[in-house]
Structures are given as structure tokens and as C-alpha cells.
Amino acid sequence: MSKTIPFLILVAAAWSARAADLHPPSEATAGNSISILTSGSGKATFYLIGPASVIKRQVQAGSDIAVDGDDLQNSGRYIAILCGSDGCGSSPFLVNPAAPNRLSLQVHPSRVPVASVNGISVVAFVFDNFHNLALRSPPVKFSILPKDEKPVSADRPVENGVAWVRLTSARKQGTTEIGAAIGHADEIRVVQQVAAEACNLRIHANRDKNGFLVETDPVRDCSGNPVPDGTVVSFTMSDAVGKTTVDVPIKRGVAKIAMPIKGRARISAASGVVTGNELEVGG
Amino acid sequence: MSAASRYSVLALAFAGLLCAVAVLYLRVSASNEVPRVEFSADNIGPRPVEDLTRQHIPRDYALAWQTMEQALEENRPDLLDAYFTGFAKEDLTKRVNRQIGAGMHVRYQDRGHKLEGIFYAPAGDAMELRDRAQVDLQIYDGGKVIYDEPIDTQYIVLMTPGADRWLVRKLQAVGGEKP
């Protein structure tokens, strides 16, 4: 008899420990309601701690606890806890992202020189409706929608919620649209393709009343696009006195400067890393 | 009992008290220590990681965890401003505010992170990482501990560069031994 009573106490203690047991599903989907089974009896406090939520409410142990989808919108680790008068029991579970339906599209740079090989980086982060990274997703469809030309598109796989592609800019300057699509999401960014560095810089000179007027031919890049106004062309004059360099911005497609030259002189021009022809004037 | 025995018992009791105080102190000060982060970028792509970025990522990620642990322990959402942005900051701020509403807080004992770079955007403006985090987690309702377990969780992390540091933009648990 003296050994039976402690045994019964142990059994009762074990029973009361079980009283706080709860059994959530091992996995759930973001935004979907779940029901958590509990055992035991009497009043208890239910807690649910998630990535962005903390729930605390009074429940009846032994009944099922309904958790609304609104409280399970964040994908990640949740801990369900049930505390009765005899202690607490807990059970963790994972909430997985819902179906992919949103995109965060990053396109860099926003201005790119023409014919720039792999010069445009396009990265799409794939999310579900609740901003969870969708780690399992069908491919993302990337599209290039140039003005006055046929659109081009290609699928790229999503790994760990990310799909990406590198693009070469067109040979003709102007805007182009770059898009990405998945589910109901369709994002578009605009990239401005601008003329690249000047190419085949050529200058010519004409006498004027004070010396020479030195002028470039229309300055274009290697694809034939006019280099934007404001791009600097450096004119260098070497004569018996020494060397003089003058920076001149392009206006209406050409750069020009009046140079007071006495005697013989050599004139050259450069823009960026490109040098043009050399003239010998005077005499 | 002899005087020597009495002194021995007293000394033992005092030593035990010191140990208890030390254990309590270590727990309390856990959030003040920067967690240990082992960073590997051996399999990252498509952009190779620059030397400076290789140093900054584990440093800033460790500081992000430190501030997160402190914010969740002290219920101070303002601490999240330093190393979190975007959805990560929104979610954690919501969680701290709900903790405040429920009269709860949590305490982490951080046992370290194995952080692996898995994607570095070609333009260098985003990095995705996988973290295996090992922490001891205590959940408090008021002053009462309602949960106390070691947990081992895997996270997918999205970090983006800020003015002088990398910020955590997304921190999403994806599994683990005890998810």
C-alpha cells in the first residue's frame, strides 16, 4: 500500500503533464487556417508565437483550437504552447509560403551605353501574396520589349526564390522595357540605352579672321548613334610656344572652337579614351 | 559538527550561490554579446564577393541578430532600425508590438550561426544567404517561463547594402531539426 500511493501520484502527474498536450499540423501553408488538437480538460491559455505574430487567448483544453489564416500569413517557424494549471506543453510547426504571385524586379543600370555586353542585370525575387519568398516556384518569364521592334522573351528557373538574367543592350539608342512575369504578377522597368563612347573622331579646320576655326564632324559612337550634347571633346594645339588644351562640350552634335594660331601648329582632338585625327595648320 | 565542517558547508553553499548568480548573469547578458557567425561564400554566384563585403556580411548579420534578440527581449522595436529594413523590419516590429500587447517577451541564448552565401546579384545590390542558427529560446508570459528549448533552425536571408552596412531585408525560417 505504501508503494501504491506514490505510484498513483506519478501516474496522475504524468496524466496532468499530458493535459497540456497539443498537436498542430507538422506543416501549414501561409494564409490558410488550421485547427490544433489538444488533450486534457479545464481552462488553459493558448499561445502562438510566429515570425510576426503573438497570440494569447483562453481556451478549453481538450477542444480543437482554430487559428485563422490571417494569423498565419508569415512563412516560417511557429510555436504553439498550451498552459494549464498543471504546466505547459508546446509543439513547433512550419508554415510554408503560398503559391508565387508577386515579383520584386530589380533592373540595373537605368541608363546603359548601347551594345554593352551583359551590361544590364535583371533580378526577380519571387514572393507569395504575403511577401514570403516563394522557394519552390515555376520559372519566371523575362521579356525585352524594345520600341518599334519585336519583343523577345525567355524563361529562367527560380532557385531559392530568385531568378536572374544578364542582357546585352541594343545597338540603337532609345528606351526599352524589360519585364518579368509569374502567376498574376507582371512587372516592367524602363532602361534608357544611350550612345556609347565617341568613335572615329574626326576634325577639320578653316581659316577665319583671327586664326582657325576647328570643328569636329558629327560625333557618333561605333554603332552610329549621335553622342549626346554636353559630352566633352578636348582640342590640343602644339606650336612653337608650347601646348594648349581646351575642353569643349558638344553642341548640336559637333564640337568647335576658334583658335588664334600664328605660325605652324598641330591640332588634335580626343573624347574619353578616343583620339581623333591630327591636323597641321598655318605656315 | 566541527567548525571545519561548518566552514566547508558554508564555503560550498557560497560557491553554489556564486555559480547560480553567474548562470543568471550570463543569461541576462546574452543579448549584449555579438553572436558568432561563420561565413562561407565558396558557392556564391553569379558575382564574386569582394573582400570588404566578405568581412562586412558576417559582421552586420551578427549585429542584426544581436539587435533582434535585444529588441525581442526588451520589447523595443526601435532597436530594429539599425540592421533591418523592408519586410524583415515590418514583421519583427509587428511581433514586438504584439508581445507588448500580450505582456510577453522572449530571451535568446545564441549558440552561433553557419551562414552561407547562395546568390549575389550581378549589380552587387542584393545577397541571398542560408543560415543554420542554433539558439536556446525562452518564452516568458510576464515573469513566467512558458517555453524553454534549444532550437536549430535554417533561415533564408536577404540582405541589401545600406549607406555604411548591409541590412537584413528578409529573414524567413525554412526548416531545421526543430523547425
Practice task
Determine whether B:D164 is at the interface with chain A (Cβ under 8 Å from one of its Cβ atoms), under 27 Å from A:V107 (Cα atoms), modelled with pLDDT under 95 and surrounded by fewer than 22 Cβ atoms within 10 Å (Cβ to Cβ).
Solution key: no
Exercise for the section: Output the number of the condition that B:V21 fails; it satisfies all remaining conditions of (1) modelled with pLDDT of 95 or more; (2) out of contact with any Lys or Arg (no Cβ under 6 Å at 6 or more places or on another chain); (3) of a type in the set (A, V, I, L, M). Expected result: (1)
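Just checking, does the range A:257-274 include any residue being under 21 Å from A:S116 (Cβ atoms) and either in contact with a Gly (Cβ under 8 Å, 6 or more places away or on another chain) or not in a strand (DSSP E or B) (or both)? Spell out the reasoning first.
Step one: filter the range A:257-274 for residues under 21 Å from A:S116 (Cβ atoms), giving A:271-274.
Applying the additional criterion that residues be either in contact with a Gly (Cβ under 8 Å, 6 or more places away or on another chain) or not in a strand (DSSP E or B) (or both) yields A:272-273.
Among the residues of the range A:257-274, at least one is under 21 Å from A:S116 (Cβ atoms) and either in contact with a Gly (Cβ under 8 Å, 6 or more places away or on another chain) or not in a strand (DSSP E or B) (or both), which makes the answer yes.
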Exercise for the section: Those residues that are among the polar types (S, T, N, Q) and either away from chain A (no Cβ under 13 Å) or crowded, with 21+ Cβ neighbours inside 10 Å (or both), I need them from the range B:54-80; list them, please. Expected result: B:Q55, B:Q66, B:T67, B:Q70
Problem - In the range A:39-55, the residues that are out of contact with any Gly (no Cβ under 6 Å at 6 or more places or on another chain) and either farther than 16 Å from A:S85 by Cα or of a type in the set (V, I, T) (or both) - result: A:T45, A:L48, A:I49, A:G50, A:A52, A:S53, A:V54, A:I55
Fill in the blank from the handout: Note: among A:T38, A:T45, just one is among the polar types (S, T, N, Q) and surrounded by 21 or more Cβ atoms within 10 Å (Cβ to Cβ), namely A:T38
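Within the range A:23-48, can you find the residues that are within 9 Å of chain B (Cβ to nearest Cβ) and free of Cβ contacts under 8 Å to residues at least 60 places away in the same chain?
Residues of the range A:23-48 that are within 9 Å of chain B (Cβ to nearest Cβ), as a first pass: A:26-27, A:45, A:47.
Passing the criteria: A:T45, A:Y47.
Given the options B:K144, B:K114, name the one that is farther than 19 Å from A:N96 by Cβ, among the charged types (D, E, K, R) and more than 19 Å from the chain's Cα centre (by Cα).
On the way: B:K114 fails: more than 19 Å from the chain's Cα centre (by Cα).
Unique residue meeting the criteria: B:K144.
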Exercise for the section: May I ask you to list the residues in the range B:84-128 that are touching a Lys or Arg at 6+ places or on another chain (Cβ under 7 Å) and of a type in the set (S, T, Y)? Expected result: B:T85, B:Y120
Exercise for the section: Pairs only if they're at least six apart or on different chains, beta carbon under 6 angstrom, first in the range A:264-280 and farther than 10 Å from A:I203 by Cα, second crowded, with 20+ Cβ neighbours inside 10 Å; list them, first residue then second. Expected result: A:A265/A:M237; A:S271/A:A198; A:S271/A:L201; A:S271/A:V233; A:V274/A:A198; A:V274/A:L201
Completion exercise
Subset of the range A:49-70, residues more than 8 Å from chain B (Cβ to nearest Cβ) and under 43 Å from the mean Cα position of the chain (by Cα), comes to A:R57, A:I65, A:A66, A:V67, A:D68, A:G69, A:D70
Handout entry: Conditions (1) touching a Phe, Trp or Tyr at 6+ places or on another chain (Cβ under 9 Å); (2) within 25 Å of A:Q173 (Cα to Cα); number of the one not met by A:V246
Key = (2)
Handout entry: Filtered residues of the range A:77-118 (kept if more than 10 Å from chain B (Cβ to nearest Cβ) and assigned to a loop (DSSP other than H, G, I, E, B))
Key = A:S85, A:D86, A:A98, A:A99, A:P100, A:N101, A:S110, A:V114, A:A115, A:S116, A:V117
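Report, by residue number, each residue of the range A:56-82 that is surrounded by 21 or more Cβ atoms within 10 Å (Cβ to Cβ) and under 12 Å from A:S39 (Cα atoms). Break it down stepwise before answering.
So in the range A:56-82, the residues surrounded by 21 or more Cβ atoms within 10 Å (Cβ to Cβ) come out as A:61, A:65, A:67, A:72-82.
Scanning the range A:56-82 gives A:A61, A:I65, A:L82.
Which of the residues belonging to the range B:98-146 are polar (S, T, N, Q) and more than 9 Å from chain A (Cβ to nearest Cβ)?
B:Q109, B:Q134, B:Q138
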Practice task
Residue by residue through the range A:162-200, note down the ones that are closer than 25 Å to A:V227 by Cβ, without any contact (Cβ under 8 Å) to a residue 60 or more places away in the chain, in contact with a strand residue (DSSP E or B) (Cβ under 7 Å, 6 or more places away or on another chain) and not small (G, A, S).
Solution key: A:L167, A:Q173, A:T175, A:T176, A:E177
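Of the residues A:V194, A:V190, A:V158, which is surrounded by 21 or more Cβ atoms within 10 Å (Cβ to Cβ) and either among the β-branched types (V, I, T) or within 14 Å of chain B (Cβ to nearest Cβ) (or both)? Talk me through it step by step, then tell me what you get.
Numbers: A:V194 fails: surrounded by 21 or more Cβ atoms within 10 Å (Cβ to Cβ); A:V190 fails: surrounded by 21 or more Cβ atoms within 10 Å (Cβ to Cβ).
Within the list A:V194, A:V190, A:V158, the selection yields A:V158.
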Problem - strands (runs of 3 or more DSSP E) completely within the range B:112-179 that count 3 or more residues being over 17 Å from A:Y78 (Cβ atoms) and free of Cβ contacts under 8 Å to residues at least 60 places away in the same chain - result: B:127-141, B:144-161
Completion exercise
Of the residues in the range A:203-221 that are within 41 Å of the chain's Cα centre (by Cα) and in a loop (DSSP other than H, G, I, E, B), the one that is nearest to A:D239 (Cα to Cα) is A:D217
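Scanning the range A:108-131 for residues that are small (G, A, S) and buried (at least 20 other Cβ atoms within 10 Å of the Cβ), which turns out nearest to B:L158 (Cα to Cα)? Walk me through how you get there before you give the answer.
Kept after step one, since they are small (G, A, S), are these residues of the range A:108-131: A:110, A:115-116, A:119, A:121, A:124.
Next cut, buried (at least 20 other Cβ atoms within 10 Å of the Cβ) only: A:121, A:124.
Numbers: A:S121: 18, A:A124: 13 Å.
Residue satisfying both the conditions and the ranking: A:A124.
So how many residues does the range A:246-283 have that are β-branched (V, I, T) and surrounded by fewer than 12 Cβ atoms within 10 Å (Cβ to Cβ)? Spell out how you get there, then give the answer.
The initial filter retains those residues of the range A:246-283 that are β-branched (V, I, T), namely A:246, A:248, A:250, A:254, A:257, A:261, A:267, A:273-275, A:281.
Next cut, surrounded by fewer than 12 Cβ atoms within 10 Å (Cβ to Cβ) only: A:273.
So the answer is 1.
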Exercise for the section: Inspect all residues belonging to the range B:81-98 and state whether any of them is within 30 Å of A:N118 (Cβ to Cβ) and surrounded by fewer than 20 Cβ atoms within 10 Å (Cβ to Cβ). Expected result: yes
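The values are calculated or read from the model by the stated rules, or taken from the named source; none is laboratory data. Predicted model only: the values in this text are computed from it and were never measured. Please note: Cβ atoms are built from the backbone with ideal geometry, for glycine as well, and neighbour counts cover all protein chains shown.
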